[in-house]
1. Ranked highest first by the average count of other Cβ atoms within 10 Å around their residues, in what order do 333-346, 102-115 fall?
2. Compute the distance from the alpha-carbon center of the range 162-190 to that of the range 275-307, in whole Å.
3. Percentage of Cα-Cα pair distances in the range 1-54 greater than 15 Å, rounded to whole percent?
4. Take ASP83, project a point 7 Å from its Cα along the Cβ direction, then tell me which residues of the range 41-61 have their backbone nitrogen under 20 Å from it.
5. In nm, to one decimal, how far is the ASP30 label point from the LEU225 one, both placed 7 Å along Cα→Cβ?
6. Would you kindly state how much longer the chain becomes between ASP236 and PHE63 on full extension, computed as 0.36 nm times their sequence separation minus their alpha carbon distance, in nm to one decimal?
7. Pop the C-beta distance of ARG168 and ALA249 into the FRET formula with R0 = 30 Å and round what comes out to the nearest 0.05.
8. Given N residues in the chain, what is its alpha carbon radius of gyration divided by 2.2 N^0.38 Å?
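The values are calculated or read from the model by the stated rules, or taken from the named source; none is laboratory data. Keep in mind that this is a model prediction, so the values were computed, not measured. Every residue, glycine among them, receives a Cβ derived from its backbone with ideal geometry; neighbour counts consider all protein chains shown. What goes into the accessible areas is simple: the full protein's heavy atoms, side chains included, and nothing from ligands, DNA or RNA. Shrake-Rupley method; radii C 1.70, N 1.55, O 1.52, S 1.80 Å.
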Amino acid sequence: MIKVAIVHDWLVAYAGAERVLEEIINCYPDADLFSVVDFIPKNERGFLKNKPVKTSFIQKLPFAKKKYRTYLPFMPLAVEQFDLSGYDIVISSSHAVAKGVINGPDQLHISYVHSPMRYAWDLQHQYLKETGLDRGLKGWLAKRELHKLRMWDLRTANGVDHFLANSRFIARRIWKVYRREATVIYPPVDVDSFTLCEQKEGFFLTASRMVPYKKIDLIAEAFSLMPDKRLYIIGDGPDFDKVKSKAGANVELLGYQPFEVLRNYMQRAKAFVFAAEEDFGIVPVEAQACGTPVIAYGKGGALETVTEGETGLFFYAQTPSSIIEAVKRFEDMKDRFIPSKIREKTLRFSKDRFRQEFSSFVNDAWESFKSQG
(Lines give C-alpha, C1' and ligand atoms only; values in the text may rest on other atoms or scores of the structure.)
Protein backbone atom coordinates (compact mmCIF):
# COMPACT_ATOMS: atom_id res chain seq x y z
CA MET A 1 0.00 0.00 0.00
CA ILE A 2 1.32 3.45 -0.94
CA LYS A 3 1.93 5.64 2.11
CA VAL A 4 1.17 9.34 1.67
CA ALA A 5 2.16 12.27 3.88
CA ILE A 6 0.50 15.68 3.52
CA VAL A 7 2.40 18.69 4.87
CA HIS A 8 0.69 22.07 5.39
CA ASP A 9 2.30 25.31 6.59
CA TRP A 10 0.11 26.10 9.59
CA LEU A 11 -3.43 25.37 10.69
CA VAL A 12 -5.02 28.39 12.35
CA ALA A 13 -8.15 29.08 10.25
CA TYR A 14 -10.26 27.71 7.42
CA ALA A 15 -9.16 29.98 4.57
CA GLY A 16 -8.23 29.56 0.90
CA ALA A 17 -5.19 27.31 1.42
CA GLU A 18 -7.18 25.14 3.82
CA ARG A 19 -9.92 24.64 1.23
CA VAL A 20 -7.26 23.18 -1.05
CA LEU A 21 -5.94 21.04 1.81
CA GLU A 22 -9.46 19.75 2.47
CA GLU A 23 -9.77 18.44 -1.08
CA ILE A 24 -6.26 16.93 -1.03
CA ILE A 25 -7.31 15.03 2.09
CA ASN A 26 -10.47 13.92 0.25
CA CYS A 27 -8.21 12.52 -2.47
CA TYR A 28 -6.01 10.70 0.09
CA PRO A 29 -8.15 10.03 3.18
CA ASP A 30 -5.60 7.59 4.68
CA ALA A 31 -2.70 10.05 4.46
CA ASP A 32 -0.93 11.34 7.57
CA LEU A 33 -1.05 15.09 8.16
CA PHE A 34 1.79 17.36 9.30
CA SER A 35 1.77 21.09 10.11
CA VAL A 36 4.10 23.54 11.88
CA VAL A 37 1.26 24.42 14.27
CA ASP A 38 -2.36 23.34 14.65
CA PHE A 39 -4.76 25.60 16.52
CA ILE A 40 -8.02 24.67 14.79
CA PRO A 41 -10.77 24.34 17.44
CA LYS A 42 -12.36 20.92 17.96
CA ASN A 43 -15.71 22.03 16.59
CA GLU A 44 -14.16 23.35 13.34
CA ARG A 45 -12.04 20.35 12.33
CA GLY A 46 -14.50 18.86 9.87
CA PHE A 47 -12.45 19.94 6.87
CA LEU A 48 -9.54 17.90 8.29
CA LYS A 49 -11.81 14.85 8.59
CA ASN A 50 -10.88 15.06 12.29
CA LYS A 51 -7.45 13.70 11.48
CA PRO A 52 -4.69 13.91 14.09
CA VAL A 53 -2.01 16.41 13.08
CA LYS A 54 1.68 15.96 13.78
CA THR A 55 3.05 19.38 14.71
CA SER A 56 6.50 20.87 15.26
CA PHE A 57 8.23 22.21 18.38
CA ILE A 58 6.76 25.66 17.58
CA GLN A 59 3.37 24.37 18.75
CA LYS A 60 4.61 24.50 22.36
CA LEU A 61 6.51 27.79 22.26
CA PRO A 62 5.17 30.73 24.32
CA PHE A 63 2.26 32.65 22.77
CA ALA A 64 2.43 30.48 19.63
CA LYS A 65 -1.35 30.38 19.27
CA LYS A 66 -1.62 34.11 18.57
CA LYS A 67 1.97 34.97 17.66
CA TYR A 68 2.96 31.98 15.54
CA ARG A 69 4.09 34.25 12.70
CA THR A 70 6.79 35.76 14.91
CA TYR A 71 8.45 32.33 14.88
CA LEU A 72 8.89 32.43 11.11
CA PRO A 73 12.74 32.40 11.40
CA PHE A 74 12.47 29.03 13.20
CA MET A 75 9.99 27.46 10.76
CA PRO A 76 12.59 26.13 8.28
CA LEU A 77 14.18 24.20 11.14
CA ALA A 78 10.73 23.09 12.32
CA VAL A 79 9.64 21.52 9.01
CA GLU A 80 13.03 19.85 8.61
CA GLN A 81 12.38 17.92 11.83
CA PHE A 82 9.38 16.06 10.40
CA ASP A 83 10.45 12.45 9.85
CA LEU A 84 8.89 11.53 6.51
CA SER A 85 11.26 8.64 5.75
CA GLY A 86 8.46 6.05 5.94
CA TYR A 87 6.34 7.57 3.16
CA ASP A 88 6.26 6.88 -0.57
CA ILE A 89 4.63 10.15 -1.61
CA VAL A 90 4.98 13.53 0.11
CA ILE A 91 2.44 16.21 -0.84
CA SER A 92 3.16 19.70 0.48
CA SER A 93 0.56 22.46 0.47
CA SER A 94 2.80 25.50 0.69
CA HIS A 95 2.70 29.28 0.78
CA ALA A 96 5.58 29.52 3.23
CA VAL A 97 7.78 26.65 4.42
CA ALA A 98 5.96 23.34 3.86
CA LYS A 99 7.75 22.64 0.60
CA GLY A 100 11.07 22.58 2.53
CA VAL A 101 10.54 19.20 4.18
CA ILE A 102 13.38 16.71 3.86
CA ASN A 103 12.78 13.68 1.64
CA GLY A 104 14.93 11.05 -0.04
CA PRO A 105 15.63 9.80 -3.57
CA ASP A 106 13.06 6.99 -3.27
CA GLN A 107 10.27 9.39 -2.31
CA LEU A 108 8.12 11.43 -4.66
CA HIS A 109 7.57 15.03 -3.49
CA ILE A 110 4.80 17.04 -5.13
CA SER A 111 4.34 20.61 -3.90
CA TYR A 112 1.10 22.51 -4.49
CA VAL A 113 2.30 26.10 -4.18
CA HIS A 114 -0.25 28.79 -3.33
CA SER A 115 2.63 31.24 -3.76
CA PRO A 116 6.34 31.39 -3.03
CA MET A 117 6.74 33.36 0.20
CA ARG A 118 5.49 36.79 -0.90
CA TYR A 119 7.06 38.64 2.02
CA ALA A 120 10.48 37.10 1.34
CA TRP A 121 10.49 37.69 -2.42
CA ASP A 122 8.81 40.27 -4.66
CA LEU A 123 6.55 41.77 -1.97
CA GLN A 124 9.30 42.16 0.65
CA HIS A 125 9.41 45.96 0.53
CA GLN A 126 5.61 46.28 0.73
CA TYR A 127 5.53 43.85 3.68
CA LEU A 128 8.27 45.71 5.56
CA LYS A 129 6.53 49.06 5.09
CA GLU A 130 3.13 47.75 6.20
CA THR A 131 4.63 46.23 9.36
CA GLY A 132 6.84 49.23 10.14
CA LEU A 133 9.99 47.15 9.67
CA ASP A 134 11.49 49.18 6.83
CA ARG A 135 13.85 51.16 9.08
CA GLY A 136 15.80 51.03 12.33
CA LEU A 137 17.45 48.11 14.10
CA LYS A 138 14.33 45.91 13.97
CA GLY A 139 14.07 46.60 10.27
CA TRP A 140 17.69 45.61 9.70
CA LEU A 141 17.17 42.37 11.64
CA ALA A 142 13.99 41.61 9.67
CA LYS A 143 15.78 42.16 6.35
CA ARG A 144 18.62 39.89 7.49
CA GLU A 145 16.20 37.11 8.44
CA LEU A 146 14.33 37.43 5.15
CA HIS A 147 17.65 37.20 3.29
CA LYS A 148 18.43 33.94 5.09
CA LEU A 149 14.90 32.71 4.42
CA ARG A 150 15.30 33.37 0.68
CA MET A 151 18.50 31.31 0.54
CA TRP A 152 16.80 28.42 2.37
CA ASP A 153 13.68 28.69 0.20
CA LEU A 154 15.72 28.53 -2.99
CA ARG A 155 17.81 25.59 -1.81
CA THR A 156 14.81 23.51 -0.75
CA ALA A 157 13.21 23.83 -4.21
CA ASN A 158 15.68 21.10 -5.20
CA GLY A 159 13.80 18.65 -2.98
CA VAL A 160 10.58 19.03 -4.97
CA ASP A 161 10.01 16.65 -7.88
CA HIS A 162 6.94 18.41 -9.28
CA PHE A 163 5.52 21.88 -8.67
CA LEU A 164 1.80 22.57 -8.97
CA ALA A 165 0.55 26.17 -9.06
CA ASN A 166 -2.89 27.57 -8.33
CA SER A 167 -2.77 29.90 -11.36
CA ARG A 168 -0.62 30.84 -14.33
CA PHE A 169 0.28 33.97 -12.37
CA ILE A 170 1.80 31.85 -9.59
CA ALA A 171 3.43 29.52 -12.14
CA ARG A 172 5.28 32.58 -13.45
CA ARG A 173 6.29 33.51 -9.91
CA ILE A 174 7.58 29.95 -9.31
CA TRP A 175 9.66 30.19 -12.49
CA LYS A 176 10.99 33.61 -11.47
CA VAL A 177 12.03 32.44 -7.99
CA TYR A 178 13.00 28.79 -8.46
CA ARG A 179 13.50 28.52 -12.25
CA ARG A 180 11.17 25.50 -12.24
CA GLU A 181 8.19 24.78 -14.46
CA ALA A 182 4.84 24.32 -12.68
CA THR A 183 1.61 22.65 -13.79
CA VAL A 184 -1.47 24.77 -13.12
CA ILE A 185 -4.35 23.15 -11.25
CA TYR A 186 -6.87 25.78 -10.23
CA PRO A 187 -7.97 25.58 -6.58
CA PRO A 188 -11.39 24.16 -5.68
CA VAL A 189 -14.29 26.57 -5.38
CA ASP A 190 -17.59 25.46 -3.85
CA VAL A 191 -19.60 26.70 -6.81
CA ASP A 192 -22.56 24.47 -5.85
CA SER A 193 -23.13 26.53 -2.69
CA PHE A 194 -23.40 29.77 -4.70
CA THR A 195 -26.56 29.25 -6.71
CA LEU A 196 -27.60 31.26 -9.75
CA CYS A 197 -29.86 34.29 -9.39
CA GLU A 198 -31.13 35.82 -12.64
CA GLN A 199 -32.73 38.90 -11.10
CA LYS A 200 -30.20 41.59 -10.17
CA GLU A 201 -30.89 44.67 -8.09
CA GLY A 202 -29.45 48.17 -8.28
CA PHE A 203 -26.52 47.94 -5.84
CA PHE A 204 -22.85 47.02 -6.09
CA LEU A 205 -21.04 44.75 -3.63
CA THR A 206 -17.57 44.04 -2.34
CA ALA A 207 -16.65 41.55 0.39
CA SER A 208 -13.30 40.84 1.97
CA ARG A 209 -11.20 40.78 5.09
CA MET A 210 -10.15 44.40 5.52
CA VAL A 211 -6.37 44.33 5.25
CA PRO A 212 -4.24 46.82 3.26
CA TYR A 213 -3.60 44.83 0.08
CA LYS A 214 -7.32 44.18 -0.46
CA LYS A 215 -7.73 47.94 -1.21
CA ILE A 216 -11.30 48.09 0.14
CA ASP A 217 -10.68 51.73 1.10
CA LEU A 218 -10.13 52.60 -2.58
CA ILE A 219 -13.47 51.02 -3.52
CA ALA A 220 -15.25 52.92 -0.74
CA GLU A 221 -13.62 56.20 -1.82
CA ALA A 222 -14.50 55.64 -5.47
CA PHE A 223 -18.18 54.99 -4.76
CA SER A 224 -18.34 57.95 -2.38
CA LEU A 225 -17.48 60.06 -5.43
CA MET A 226 -20.45 58.49 -7.26
CA PRO A 227 -23.35 59.38 -4.93
CA ASP A 228 -25.91 57.97 -7.37
CA LYS A 229 -24.40 54.44 -6.99
CA ARG A 230 -25.05 52.27 -3.92
CA LEU A 231 -22.31 50.05 -2.51
CA TYR A 232 -22.48 47.45 0.26
CA ILE A 233 -19.27 46.27 1.92
CA ILE A 234 -19.20 42.96 3.81
CA GLY A 235 -16.26 42.04 6.05
CA ASP A 236 -14.15 43.28 8.91
CA GLY A 237 -10.49 43.50 9.84
CA PRO A 238 -7.74 45.96 10.81
CA ASP A 239 -8.64 48.45 8.06
CA PHE A 240 -12.33 48.72 9.05
CA ASP A 241 -12.04 52.23 10.51
CA LYS A 242 -9.94 53.40 7.55
CA VAL A 243 -12.59 52.13 5.14
CA LYS A 244 -15.38 53.68 7.19
CA SER A 245 -13.64 57.08 7.07
CA LYS A 246 -13.73 56.95 3.26
CA ALA A 247 -17.38 55.88 3.02
CA GLY A 248 -19.99 58.39 1.94
CA ALA A 249 -23.74 58.22 2.61
CA ASN A 250 -24.22 55.84 -0.34
CA VAL A 251 -21.67 53.33 1.00
CA GLU A 252 -22.83 50.98 3.76
CA LEU A 253 -20.47 48.81 5.81
CA LEU A 254 -22.23 45.66 7.00
CA GLY A 255 -19.27 44.19 8.92
CA TYR A 256 -18.84 40.46 9.18
CA GLN A 257 -21.87 38.51 7.95
CA PRO A 258 -22.68 34.78 8.02
CA PHE A 259 -22.42 32.80 4.79
CA GLU A 260 -26.16 32.91 4.03
CA VAL A 261 -26.20 36.72 4.14
CA LEU A 262 -23.05 37.03 2.03
CA ARG A 263 -24.47 34.69 -0.59
CA ASN A 264 -27.78 36.56 -0.66
CA TYR A 265 -26.03 39.87 -1.38
CA MET A 266 -23.80 38.21 -4.00
CA GLN A 267 -26.84 36.80 -5.76
CA ARG A 268 -28.70 40.11 -5.88
CA ALA A 269 -25.83 42.51 -6.63
CA LYS A 270 -25.62 44.29 -9.96
CA ALA A 271 -21.85 43.66 -9.92
CA PHE A 272 -19.09 42.59 -7.52
CA VAL A 273 -16.09 44.94 -7.22
CA PHE A 274 -12.63 43.50 -6.58
CA ALA A 275 -9.52 45.70 -6.27
CA ALA A 276 -6.83 43.34 -4.93
CA GLU A 277 -3.97 41.68 -6.75
CA GLU A 278 -4.55 38.08 -5.70
CA ASP A 279 -2.69 34.89 -6.53
CA PHE A 280 -6.01 33.36 -7.58
CA GLY A 281 -8.93 34.99 -5.77
CA ILE A 282 -11.80 32.72 -4.75
CA VAL A 283 -14.40 35.38 -3.90
CA PRO A 284 -14.77 36.74 -7.47
CA VAL A 285 -15.40 33.17 -8.65
CA GLU A 286 -18.07 32.74 -5.96
CA ALA A 287 -19.76 35.95 -7.14
CA GLN A 288 -19.72 34.71 -10.74
CA ALA A 289 -21.19 31.38 -9.60
CA CYS A 290 -24.21 33.46 -8.52
CA GLY A 291 -24.39 34.88 -12.05
CA THR A 292 -23.01 38.23 -10.88
CA PRO A 293 -20.47 40.02 -13.10
CA VAL A 294 -17.18 41.21 -11.58
CA ILE A 295 -15.40 44.55 -11.95
CA ALA A 296 -11.83 43.55 -11.13
CA TYR A 297 -8.30 44.91 -10.96
CA GLY A 298 -6.62 43.53 -14.07
CA LYS A 299 -3.63 41.84 -12.47
CA GLY A 300 -2.90 38.50 -10.85
CA GLY A 301 -5.37 35.63 -10.73
CA ALA A 302 -8.40 37.74 -11.72
CA LEU A 303 -7.11 37.71 -15.30
CA GLU A 304 -7.70 33.94 -15.29
CA THR A 305 -11.08 33.87 -13.54
CA VAL A 306 -12.84 36.87 -15.13
CA THR A 307 -13.48 37.01 -18.88
CA GLU A 308 -13.53 40.57 -20.18
CA GLY A 309 -16.88 41.44 -21.74
CA GLU A 310 -18.49 38.10 -20.79
CA THR A 311 -18.28 37.68 -17.02
CA GLY A 312 -16.97 41.11 -16.09
CA LEU A 313 -14.44 43.77 -16.96
CA PHE A 314 -11.12 45.12 -15.71
CA PHE A 315 -9.52 48.33 -14.50
CA TYR A 316 -5.75 48.64 -14.55
CA ALA A 317 -4.77 51.03 -11.76
CA GLN A 318 -5.52 50.73 -8.05
CA THR A 319 -6.97 54.23 -7.85
CA PRO A 320 -10.48 55.61 -7.21
CA SER A 321 -10.55 57.27 -10.65
CA SER A 322 -9.77 53.97 -12.39
CA ILE A 323 -12.57 52.22 -10.47
CA ILE A 324 -15.00 55.05 -11.31
CA GLU A 325 -14.16 54.78 -15.01
CA ALA A 326 -14.69 50.99 -14.91
CA VAL A 327 -18.08 51.35 -13.19
CA LYS A 328 -19.17 53.80 -15.89
CA ARG A 329 -18.07 51.37 -18.62
CA PHE A 330 -19.96 48.61 -16.83
CA GLU A 331 -23.16 50.65 -16.75
CA ASP A 332 -22.88 51.24 -20.49
CA MET A 333 -22.52 47.53 -21.26
CA LYS A 334 -24.35 45.81 -18.38
CA ASP A 335 -26.94 44.24 -20.68
CA ARG A 336 -24.17 42.13 -22.24
CA PHE A 337 -23.68 40.17 -19.02
CA ILE A 338 -26.00 37.14 -18.92
CA PRO A 339 -26.16 35.54 -15.43
CA SER A 340 -26.58 31.94 -16.63
CA LYS A 341 -23.55 32.20 -18.93
CA ILE A 342 -21.49 33.84 -16.19
CA ARG A 343 -22.23 30.93 -13.86
CA GLU A 344 -21.47 28.38 -16.57
CA LYS A 345 -17.92 29.72 -16.81
CA THR A 346 -17.26 29.00 -13.12
CA LEU A 347 -17.81 25.24 -13.38
CA ARG A 348 -14.17 24.83 -14.46
CA PHE A 349 -13.25 25.69 -10.85
CA SER A 350 -15.45 23.11 -9.09
CA LYS A 351 -14.34 20.78 -6.29
CA ASP A 352 -14.96 17.68 -8.40
CA ARG A 353 -12.76 19.06 -11.17
CA PHE A 354 -9.94 19.78 -8.68
CA ARG A 355 -10.04 16.29 -7.18
CA GLN A 356 -10.01 14.68 -10.61
CA GLU A 357 -7.12 16.79 -11.91
CA PHE A 358 -5.07 16.52 -8.72
CA SER A 359 -5.48 12.76 -8.36
CA SER A 360 -4.68 12.19 -12.03
CA PHE A 361 -1.52 14.27 -11.78
CA VAL A 362 -0.27 12.46 -8.65
CA ASN A 363 -1.09 9.02 -10.09
CA ASP A 364 0.69 9.77 -13.38
CA ALA A 365 3.69 11.23 -11.54
CA TRP A 366 3.89 8.15 -9.29
CA GLU A 367 3.77 5.74 -12.23
CA SER A 368 6.51 7.69 -13.99
CA PHE A 369 8.57 7.87 -10.79
CA LYS A 370 8.35 4.10 -10.25
CA SER A 371 9.36 3.34 -13.84
CA GLN A 372 12.53 5.40 -13.39
CA GLY A 373 13.51 3.47 -10.26
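1. So the peptides 333-346, 102-115, ranked by packing, come out 102-115, 333-346.
2. 17
3. For the range 1-54, the fraction of Cα-Cα distances above 15 Å is 39 percent.
4. Those under the cut-off are 52-60.
5. If labels sit at ASP30 and LEU225, their model points lie 6.0 nm apart.
6. Net length gain for the segment: 59.9 nm.
7. Efficiency, rounded to the nearest 0.05: 0.15.
8. Here the answer is 1.03, to two decimals.
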